[in-house]
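Input: a single structure, listed below in C-alpha cells.
Values quoted throughout were computed directly from the atomic coordinates according to the rules given, and no laboratory measurement underlies them. Just so it is clear, the model here is predicted, and its values are computed rather than measured. Quick reminder, even Gly has a Cβ in these numbers, built from the backbone with ideal geometry, and neighbours come from all protein chains shown.
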Amino acid sequence: MYPASFRYHRPSGLHDALELLSRHRADAAVLAGGQSLVPRMNLRQATPKNIVDLNRIAELSKLAVADDVLEIGAMVRHQSFCHEGAIGVLSLPSNLAELLGRMAGAIGNLPVRLRGTIGGSLANASPKAQWALLSFLLDADIMIENAGGRAASAIRNS
C-alpha cells in the first residue's frame, strides 16, 4: 500500500524545524530514520498531512565529548556507536565505548542501524534499541526542545 498524500518540508536548521512543527502541531510528523514512521504510513496507520524531515540538520547529528560529558544529538545513527563507527574517534573510557558498541551492534540489522536514530528510539521508547534503559543506567540528561524553548529531563536510577 502507498501512504496518503502529505506535504514534505525539509528545514535548513533546527529553528525552522521547530517552527514548522509548532505551526502544524497535530498534523505533522517528524522524519528522522524512518524506521517507525514510514512503515506506519505505508499501512495507513499514520496519515500526517505534513512531514518535517530532520535529516539535513547538522546540529542534530552532534556526537562529541565536552568536559567529560558525552553529547549525543537526536539524529545520531545507531551504527555510529559500533566499533567501526564515529564513536572510535572520541576519547571515551574503553569500557563505555565497548558497552555502547555492543548494545548498538545488537540493534536490528545493518540497514536498521544505518538509518535508525537515537532520538527516534527514545521518542518511541523502543524496547528493541535499549537506549532508554541505557540512559537510565548511565544517569543521562536528555535535552528536549520545542519552539517555546529548551528543557532538561534528568533520568536517574537512584
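Numbers at a glance
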read-out	value
Segment residue 102-residue 23, length gained on full extension (0.36 nm per residue, minus Cα span)	24.5 nm
Convex hull of Cα atoms in the stretch 23-104, direction-averaged projection (nm²)	7.1 nm²
Sites residue 95 and residue 56, calculated FRET efficiency, Cβ-Cβ separation with R0 35 Å, nearest 0.05	0.50
Amide N proximity, the stretch 24-48 versus residue 5 label position 7 Å along Cα-to-Cβ, cut-off under 16 Å	47-48
Coil-residue trypsin sites (Lys or Arg not before Pro) of the stretch 37-101, DSSP, other Cβ within 10 Å capped at 14	44, 49, 56, 62
GNM result for the chain, Cα springs below 10 Å: residue of 135, 12, 94 fluctuating most strongly	94
Shape metrics for the stretch 7-53, restricted to C-alpha atoms - Rg then Dmax, Å	10.5, 31
Inverse of mean 1/r across different Cα pairs in the chain, Kirkwood, Å	16.6 Å
Whether the stretch 62-154 is rounded, prolate or oblate, judged on the alpha carbon gyration tensor where a/c under 1.5 counts as rounded	oblate
